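The values are calculated or read from the model by the stated rules, or taken from the named source; none is laboratory data. Remember, predicted model here, so these are calculated numbers, not experimental data. Because the Cβ atoms are built from the backbone with ideal geometry, glycine has one as well, and the counts that use them run over all protein chains shown.
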Amino acid sequence: MATVEDIYRKHKPKAFSPGRRPSSTEVWWWFFMRISGVILLFLVLIHLYVMHLVGSGVERVGFDFVAERWANVGWRAFDWVLLVLALLHGVNGLRIIIDDYIRSPGARTAVKGTLYGLTAILMIMGTTVVVAFDAGVSG
Amino acid sequence: MLAAKLIEGLVFVLTVGSGLVATLLLVDLLRVGKGRQGVAYKGGIGQWSWVAHRVTGILVVAFLFGHIVDTFGVGFGPELYDETISLYQQWWFKPFEVALVAAVVYHAFNGLRIILFDFWPHLALKQKLFAKIQLAAFAIAFLPAAFFMLRSALEESPLG
């Protein structure tokens, strides 16, 4: 079996030539994944601890629980930052996986287009409910 | 309520669907061991960490999609929301919840390991050691959490 080194020597891909600069958009997404990853580490672990371990865990979560939690604007901000970072981090990860496995340009565009459309809808749904939730109106 | 059942159905489809995609990825990656070409690096624990990172990422993002939709339901009042999330409160759902926590904790710690290698490349020379340290950290963080979560579910199950 040809090793990675063999393939490299045979093809000498331009991607590895010393003069080539990576696309700046990709560099920024690479950087975003690291920064958002570190922030998410804290946000998600706090979220899991508060929602799944404290008290009786998920059993105590319900409309009243959310209403009480979101009476505090700090928790709303926390949840919104968690929503935005997690969704962008997750979708960018999916984009990279799509590039790895879906080779045909048409299928790639279709799948990515669907994914981005879905992401926009989810971002709007999540943002709307975090910002506009009013226990008095919906409860 | 129909809307609640639809949202529960969506979460179910996303969970099963992402599980299937993750399994397909695993099957594709298992070919690496048989010397065929796939999306692969050099094998060993580093390769498996990469596989696990990808698989756990897919599982978590799939649940995130469903979770945003079920949370959206809170804006439509207690009747819809409480019925929707009652899915998560069934004792038999607990293993899935624990699996989600495992996926998140693994992905988080593995991500830290990747960041470490990105910014301090010489550390990657000891990648096997770091992979083992990371597995130990994962066990330390995850096992107690799993214990507490499963204990309460066991008491509610027919077995408890």
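General observations
- Of the numbered criteria (1) under 26 Å from B:Leu25 (Cβ atoms); (2) facing chain B (nearest Cβ under 10 Å); (3) free of Cβ contacts under 8 Å to residues at least 24 places away in the same chain, the one A:Gly113 fails is (2).
- Residue match in the stretch B:62-78 (condition: outside any helix (DSSP H, G or I) and within 11 Å of chain A (Cβ to nearest Cβ)): yes
- Helices (runs of 4 or more DSSP H) completely within the stretch A:58-139 that count 2 or more residues being among the polar types (S, T, N, Q): A:105-132
- Within the stretch B:81-106, being buried (at least 21 other Cβ atoms within 10 Å of the Cβ) and touching a Gly at 6+ places or on another chain (Cβ under 6 Å) holds for B:Tyr81, B:Thr84.
- Counted residues, the stretch B:41-54 - those being facing chain A (nearest Cβ under 10 Å) and assigned to a helix (DSSP H, G or I): 2
- Residue that is surrounded by the most Cβ atoms within 10 Å (Cβ to Cβ) [pool: residues in the stretch A:37-50 that are at the interface with another protein chain (Cβ under 10 Å from one of its Cβ atoms) and β-branched (Val, Ile, Thr)]: A:Val44
- When A:Phe16 is tested against (1) surrounded by 15 or more Cβ atoms within 10 Å (Cβ to Cβ); (2) at pLDDT below 85, just one condition goes unmet, and that condition is (1).
- The single residue among B:Ala108, B:Ala124 that is assigned to a helix (DSSP H, G or I), at pLDDT 85 or above and under 30 Å from A:Met33 (Cβ atoms) turns out to be B:Ala108.
- Residue within the stretch A:69-88 that is at the interface with chain B (Cβ under 9 Å from one of its Cβ atoms) and closer than 25 Å to B:Asp118 by Cβ present: yes
- So B:Ala131, is it surrounded by 14 or more Cβ atoms within 10 Å (Cβ to Cβ), more than 11 Å from chain A (Cβ to nearest Cβ) and small (Gly, Ala, Ser): yes
- As a summary of the residue check, B:Leu59 satisfies the conditions (1) at the interface with chain A (Cβ under 10 Å from one of its Cβ atoms); (2) buried (at least 18 other Cβ atoms within 10 Å of the Cβ) except for the one numbered (1).
- Within the stretch A:117-133, residues that are touching a residue at least 60 places away in the same chain (Cβ under 8 Å) and facing chain B (nearest Cβ under 9 Å) have Cβ atoms under 8 Å from residues that are loosely packed, with under 12 Cβ neighbours inside 10 Å and small (Gly, Ala, Ser) in no pair, counting only partners at least 6 apart in sequence or on another chain.
- Condition met for A:Val58 (surrounded by 16 or more Cβ atoms within 10 Å (Cβ to Cβ), within 10 Å of another protein chain (Cβ to nearest Cβ) and touching a residue at least 24 places away in the same chain (Cβ under 8 Å)): no
- Residue satisfying condition, being without any contact (Cβ under 8 Å) to a residue 40 or more places away in the chain, facing chain B (nearest Cβ under 8 Å) and not small (Gly, Ala, Ser), within set A:Arg103, A:Arg108, A:Arg34: A:Arg34
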